[in-house]
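Please treat every number below as a calculation from the coordinates, not as lab data. In this text the structure is predicted, and so the values were computed from the model without any measurement. Backbone-built Cβ (ideal geometry, glycine too); neighbour counts: all protein chains shown.
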Amino acid sequence: MFFRLIVRLLCPALLAAAPLQGVERNGWPFFVRQEKPDGTVESAEYLVPFLFQKTRADGATLQGFRPVYLHVKEDGRETTMLFYPFFTWQKEAGYRNFSFFQLINYRRQTEPDSQTTNRSFDVWPV
């Protein structure tokens, strides 16, 4: 008796929530996409699993070509990696950084208060 009551209460709730779910479009191996109910793409993979694009819940976007390239954009900060760990770039307001295998490093930072720019360039082991 109690089980029937639970089922009668849960079924309408599940049916009401069904339209809120996203849609997955699967054309494997050419593409796999997950879309939100409003039609925006939440994640997508093309030529599975090589090319990809994803939007996380916090608003960050990731794009890439495995295993060669990755680009992450979140909260005004961009990070790009090419043949990681060989080439990495970071960019945000007042800050830029480039590194080649941690042997050649370039950094530029602008102080917000004084508008002075600090630059550094390192070549290791020199």
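Here's the picture: charge each Lys and Arg Cβ at +1 and each Asp and Glu Cβ at -1 in the stretch 24-126, and of 31, 114, 102 the one pushed furthest to the positive end of that dipole is 102. Computed across the stretch 63-121, the Kirkwood radius stands at 12.3 Å (inverse of mean 1/r, all Cα pairs).
Taking a spot 7 Å from the Cα of residue 101 along the direction of its beta carbon, which residues of the stretch 68-89 have an amide N less than 16 Å from it? In the stretch 68-89, the label zone of residue 101 (backbone N under 16 Å from the point 7 Å along Cα→Cβ) covers 82-88. When only alpha carbons of the stretch 28-89 are considered, Rg and Dmax amount to 12.6, 39 Å.
Between residue 121 and residue 57, what FRET efficiency comes out of the Förster formula 1/(1 + (r/R0)^6) with R0 = 30 Å and r the beta carbon distance, rounded to 0.05? Computed FRET efficiency for residue 57 and residue 121 comes out at 0.20. In this Cβ point-charge picture (+1 for Lys and Arg, -1 for Asp and Glu), the stretch 24-126 has a dipole of about 320 debye about its Cα centre.
Other residues with beta-carbon under 14 Å from the beta-carbon of residue 51 carry, at +1 per Lys or Arg and -1 per Asp or Glu, a net charge of +2.
Which of the chymotrypsin sites (Phe, Trp or Tyr not before Pro) found in the stretch 78-120 are loop residues per DSSP with 10 or fewer other Cβ atoms within 10 Å of their Cβ?
Numbers: sites: 83, 86, 87, 89, 95, 98, 100, 101, 106; in loops: 83, 86, 101.
For chymotrypsin sites (Phe, Trp or Tyr not before Pro) across the stretch 78-120 that sit outside H, G, I, E and B with at most 10 neighbouring Cβ atoms in 10 Å, the list is empty.
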